[in-house]
Amino acid sequence: MSLKIITERCKGCGICAAFCPKQVLALSEIEKIEAVHEENCIKCGQCELRCPDYAIFVEK
Amino acid sequence: MSMENLINKYFRPGRLPHIWCPGCGNGVITGCIVKAIDKLALEKDNVAVISGIGCSSRASGYLDFNTVHSAHGRALPVATGVKLADPSLKVLVVTGDGDATAIGGNHLIHAARRNIDMTVVLFNNSIYGMTGGQYSPLTPQGSKATTAPYATIEPAFDITELAKAAGATFVARATTFHAQILTDLIAKGIQHKGFSLIEAVSGCPISFGRQNKMGGPADMMKWQRDHGVMLAAWNKMTDEQKAGKFPIGVLHEDNSRKEYTEAYDELIARAQGGNK
């Protein structure tokens with residue numbers, strides 16, 4: 001598991017999904033972020049860098 | 001240190017999730033502040049974070065340093081008192097565009113004039129977000145606000161030029177899109193001995209973006225990417241190319257002026273030494 005998502009902190013702004021170069025992330029039905037294609041993650045850290053809510057971390 | 005460990009070390013994690021709206025850039029800037037502090041390996045007890053009132057100023061409540069959440073516009077006078085009481089402290093001021101340039105505008109120019117050693121991180125989201133989207137002195141001319149339904153006719157301050165003219169000795173600008181650059185600039189500002197101001201351009205998707213049809217949070221961040229230009233590239237641009245854009249990076253640095261607490265210590269020594 002390379003992505004750690006703290007769902008309680010996520011407000012569903014979608015910034016991480018928009019800046020993910022591999023379309024790993026998407027908003028769920030209840031507007032929380034989830035990793036839908038985690039196998040494509042290249043651990044670039046764009047999501048962690050841009051998340052305003054400290055809700056997603058890349059574990060290297 | 002990983003970002004998760006930084007949050008656990010320098011934040012009050014029990015206070016999270018924070019109060020800021022979905023997609024608000026303030027969280028990114030506050031993250032950059034702790035990354036800068038960690039980069040400089042400062043002791044938590046040697047850092048004081050002073051804030052005023054507004055969305056941005058909530059940051060002091062989430063950070064685990066010596067913190068004061070002061071009155072509207074008055075973060076700089078409180079910070080000046082803190083710095084004079086203990087000049088060994090690294091003093092950071094967290095303030096917003098309305099807090100720093102309207103209500104606290106006078107304090108800003110005089111703190112800059114004195115060149116007192118502190119680092120102001122000015123969260124510029126172009127609007128009074130907390131109170132419902134009234135225009136501030138940094139709202140771009142022609143933008144809509146709840147107090148300017150036909151768009152504001154007032155030109156905005158260029159706060160970096162204002163700070164420079166008032167006497168600040170380190171002036172820089174970055175955006176939430178340029179988060180790594182912002183971290184470096186905050187670190188440089190903290191290291192600089194004298195008054196430092198870092199303008200952090202932030203997106204307010206709810207109170208500013210919605211009224212001005214700027215799209216969602218990610219669109220506002222892309223706007224910053226497309227409008228913030230690194231200083232080296234900016235200097236090569238024609239006036240036509242510069243229209244609507246803004247430079248980012250270290251915009252002004254002057255190490256020749258005396259710092260205020262140093263001058264004050266000299267005054268004390270002179271007064272106590274009895275030589276006129």
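Given a Förster distance of 41 Å, report the FRET efficiency between B:Arg113 and B:Asn8 from their Cβ-Cβ distance, rounded to the nearest 0.05.
Efficiency computed from Cβ-Cβ geometry: 0.55.
As a test, work out the antiparallel percent of DSSP beta bridges whose residues both lie in the range B:3-273, rounded to the nearest 5.
Counting only bridges with both partners in the range B:3-273, antiparallel ones make up about 20 percent.
Counting only the heavy atoms of the protein chains, how much of A:Cys47 is accessible to a 1.4 Å probe, in Å² to the nearest 10?
Accessible area of A:Cys47: about 20 Å².
Can you tell me the length gained on complete extension of the stretch B:Lys242 to B:Ile19, counting 0.36 nm per residue apart and subtracting the Cα distance?
Length gained, B:Lys242 through B:Ile19: 76.7 nm.
Beta carbons within 10 angstrom, averaged per residue: use that to sort the peptides A:8-18, B:230-240, highest first.
Output ranking for A:8-18, B:230-240: A:8-18, B:230-240.
Would you mind getting the accessible area per residue of the protein assembly as shown, heavy atoms of the protein chains only, 1.4 Å probe, in Å²?
In whole numbers, the protein assembly as shown has 45 Å² accessible per residue.
Please list, in chain and number order, the residues 5+ apart from B:Ala145 or on another chain whose amide H is under 5 Å from its amide H, with Hs placed from the backbone.
Long-range HN contacts for B:Ala145: B:Ala151, B:Thr152.
Search the structure for amide H atoms under 5 Å from the amide H of B:Met130, placed 1.01 Å from N in the peptide plane, and list their residues when 5 or more places away or on another chain.
Excluding prolines and chain starts, which carry no amide H, the hits are B:Cys55.
For the range B:124-206, which chymotrypsin sites (Phe, Trp or Tyr not before Pro) are in a loop by DSSP, counting at most 13 other Cβ atoms within 10 Å?
In loop regions of the range B:124-206 (DSSP not H, G, I, E or B), the sparsely surrounded chymotrypsin sites (Phe, Trp or Tyr not before Pro) are B:Tyr150.
Taking R0 as 45 Å, what's the FRET efficiency between B:Asp254 and B:Ile153 from their Cβ-Cβ distance, rounded to 0.05?
0.85
Within the range B:76-92, find all residues whose amide N lies under 14 Å from a label point positioned 7 Å from the Cα of B:Lys193 along Cα-to-beta-carbon.
Of the residues in the range B:76-92, B:87-89 have backbone N under 14 Å from the label point off B:Lys193.
Any lysines with Cα under 20 Å of the B:Lys35 Cα? List them, leaving off those in the same chain fewer than 8 positions away.
A:Lys4, A:Lys43, A:Lys60, B:Lys9, B:Lys44, B:Lys90, B:Lys188, B:Lys193
How much net charge surrounds B:Val49 when only other residues with a Cβ under 13 Å from its Cβ are counted (Lys, Arg +1; Asp, Glu -1)?
Result for the neighbourhood of B:Val49: +3.
Residues of B:22-29, mean number of Cβ from any other protein chain within 10 Å of their own Cβ, rounded to a whole number?
Taking all residues of B:22-29 together, the mean is 5.
Tell me which residues come under 5 Å, amide H to amide H, from B:Asp64 once H is placed; ignore anything under 5 positions away on its chain.
Placed amide hydrogens put B:Phe11, B:Arg12 under 5 Å from B:Asp64.
Could you let me know the centre-to-centre spacing of the range B:241-276 and the range B:179-227, using Cα atoms, in angstrom?
Taking the Cα centre of each part, the range B:241-276 and the range B:179-227 sit 25 Å apart.
Counting residues in the range B:109-167 as N, plug N into 2.2 N^0.38 Å and put the Cα Rg over that result.
It is 1.32.
The values are calculated or read from the model by the stated rules, or taken from the named source; none is laboratory data. All values derive from a computational prediction rather than experimental measurement. Methodologically, a virtual Cβ is constructed for each residue, glycine included, from the backbone with ideal geometry; neighbour enumeration extends over all protein chains shown. To get the accessible areas, we keep the full protein, side chains included, count just its heavy atoms, and leave off ligands, DNA and RNA. Shrake-Rupley method; radii C 1.70, N 1.55, O 1.52, S 1.80 Å.
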